[in-house]
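Right, one structure below, let's go through it.
The values are calculated or read from the model by the stated rules, or taken from the named source; none is laboratory data. Computed from a prediction, not measured in an experiment: that's the story for all the values here. For neighbour counting, all protein chains shown are included, and Cβ atoms are generated from backbone atoms with ideal geometry for every residue, glycine included. Side chains included, ligands, DNA and RNA excluded: accessible areas come from the protein's heavy atoms. Shrake-Rupley method; radii C 1.70, N 1.55, O 1.52, S 1.80 Å.
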Amino acid sequence: MRRRLPLETLGSLALSVILAFTIWVAAVNDSDPVLERSFASPLTISYVGVEEGLQPVGTIPGEARLTLRAPTSVWEELSAEDFKLTVDLAGLAAGEHRLPIVATTARAPIRIIEIQPAEVSLRLEAASTQTVPVVVEALGELALGYRTSSLQSAPASVEVEGPTSMVQQVVGALAEIDQSGRRQDFDSNVELIAIDSQRQAVEGVRLTPASARVAARVSQLGGYRLVAVIPIIEGDPDPGYQITEIGVTPTLVTVFSATPDAVENLPGFVETDPVDLQGLTGPVEKRVGISVPADVILVGDQTVLVRVGIAPIEITSTLTHELAIEGLRPGLFAGSSPEFVSVILKGPLPTLESIQPEDLLISVDVTGLGPGTHQLTPVVVSLPENVIVQSIVPDSVEIVISTTPIRKSTPAP
């Protein structure tokens with residue numbers, strides 16, 4: 001016969017098991033503590049099971065937030081793809097409904113503590129469709145002297161679909177085009193907007209197609225003509241300077257005459273009043289008038305802006321200069337072979353012509369070098385502004401350093 005354990009022994013065993021489990025849970029929680037907090041970002045709500053022929057009306061919540069409880073290690077790996085929020089519309093009839101949001105996840109161990117909001121309110125309504133015309137509206141003003149003779153859309157009508165109460169508000173599909181400053185026909189694809197009788201946008205409906213191709217024919221009014229502007233330049237910049245650009249704004253202007261033949265007989269351009277550049281050494285911007293025949297007038301602004309770029313003529317120049325030796329230690333002597341080098345400079349003509357010998361310093365640095373023969377590269381230390389060195393000839397010179405004076409062997413050029 002088996003002996004029964006005393007009740008005291010059974011109680012001790014049960015207490016030991018509970019104590020061991022408690023210690024294990026505490027150890028796990030210390031190494032991977034459980035945290036309760038809101039998920040970082042809102043999650044998208046999916047509406048499923050809506051009966052055929054019905055549609056939600058108005059704006060319904062699209063997102064909700066979750067409060068979760070999970071170990072720290074799980075929190076570090078969570079993403080929005082780990083959760084699914086759904087509202088089940090299956091079997092519901094038309095009318096008002098208040099429905100719970102259901103949150104599910106395949107990740108473990110996770111507890112969903114709260115969904116905010118926990119419910120959504122919506123109204124289901126029978127869906128319907130109707131055909132409405134495309135309404136084209138031109139925004140802005142054409143260029144002076146032009147008009148829009150026709151506005152056409154393809155297709156001329158579209159189908160609007162959605163909840164019946166919303167569809168019934170739609171009277172047209174608006175296509176807006178910007179014709180500001182246009183002088184030519186245009187043809188472009190335009191997104192459509194469902195509008196009501198007050199030309200306000202109607203939300204919650206769908207247009208098919210969602211866009212239309214809008215074409216407009218633009219023609220010029222009688223007596224008007226668009227012509228080019230040619231700037232007239234007189235005089236020359238200061239010697240050593242050149243014209244780098246000539247521009248005018250605007251490049252086209254509109255002219256008008258009560259006698260249409262007067263504008264038709266124009267050569268296709270008009271000229272500005274002269275801009276004098278005599279002796280200038282820098283760019284100029286000047287507003288000037290336009291010369292037109294007596295029976296022709298300029299439409300709009302009566303002046304144009306003429307811009308002329310003026311810059312120094314750039315050339316190259318070769319100069320020969322004595323080579324300077326820098327950084328020589330006390331008690332040493334140095335000589336170079338050759339003693340003079342040539343430098344090819346590039347820059348503005350007036351600057352190069354004005355360079356004096358004292359403006360240049362071409363040298364080699366012998367800092368730290370002792371007696372002996374060295375091959376060093378000369379550099380131009382001082383140089384006038386806007387002048388660059390293209391090359392130095394020779395690009396390497398022989399430098400002899402000695403403890404006794406060195407006699408110069410190369411005569412000055």
Name the pairs: first residue in segment 309-321 and without any contact (Cβ under 8 Å) to a residue 60 or more places away in the chain and under 15 Å from residue 354 (Cα atoms), second residue open to solvent by less than 50 Å² (accessible area, probe 1.4 Å) and among the small types (Gly, Ala, Ser), Cβ to Cβ under 9 Å, at least 6 apart or on different chains?
-> 314/347; 315/347; 317/347; 318/342; 319/342
Search result, residues across segment 74-96 that are crowded, with 16+ Cβ neighbours inside 10 Å and over 41 Å from the mean Cα position of the chain (by Cα) | 89, 94
Kindly establish whether residue 133 is more than 23 Å from residue 58 (Cα to Cα) and touching a residue at least 40 places away in the same chain (Cβ under 8 Å).
-> yes
Please enumerate the residues belonging to segment 310-323 that are surrounded by fewer than 14 Cβ atoms within 10 Å (Cβ to Cβ) and of a type in the set (Gly, Ala, Ser).
-> none
Just to be sure, is residue 145 at pLDDT below 90 and buried (at least 16 other Cβ atoms within 10 Å of the Cβ)?
-> yes
Select, from 272, 244, 249, the only residue that is surrounded by 15 or more Cβ atoms within 10 Å (Cβ to Cβ), more than 27 Å from residue 131 (Cα to Cα), in contact with a strand residue (DSSP E or B) (Cβ under 7 Å, 6 or more places away or on another chain) and of a type in the set (S, T, N, Q).
-> 272
Give the residue that is farthest from the chain's Cα centre (by Cα), with candidates limited to residues of segment 171-229 that are open to solvent by 50 Å² or more (accessible area, probe 1.4 Å) and of a type in the set (Asp, Glu).
-> 203
Selection from segment 336-361 of residues that are open to solvent by 20 Å² or more (accessible area, probe 1.4 Å), within 45 Å of the chain's Cα centre (by Cα) and within 14 Å of residue 390 (Cβ to Cβ) | 344, 346
Under 30 Å from residue 154 (Cβ atoms) and at pLDDT below 90 - does that describe any residue in segment 38-46?
-> no
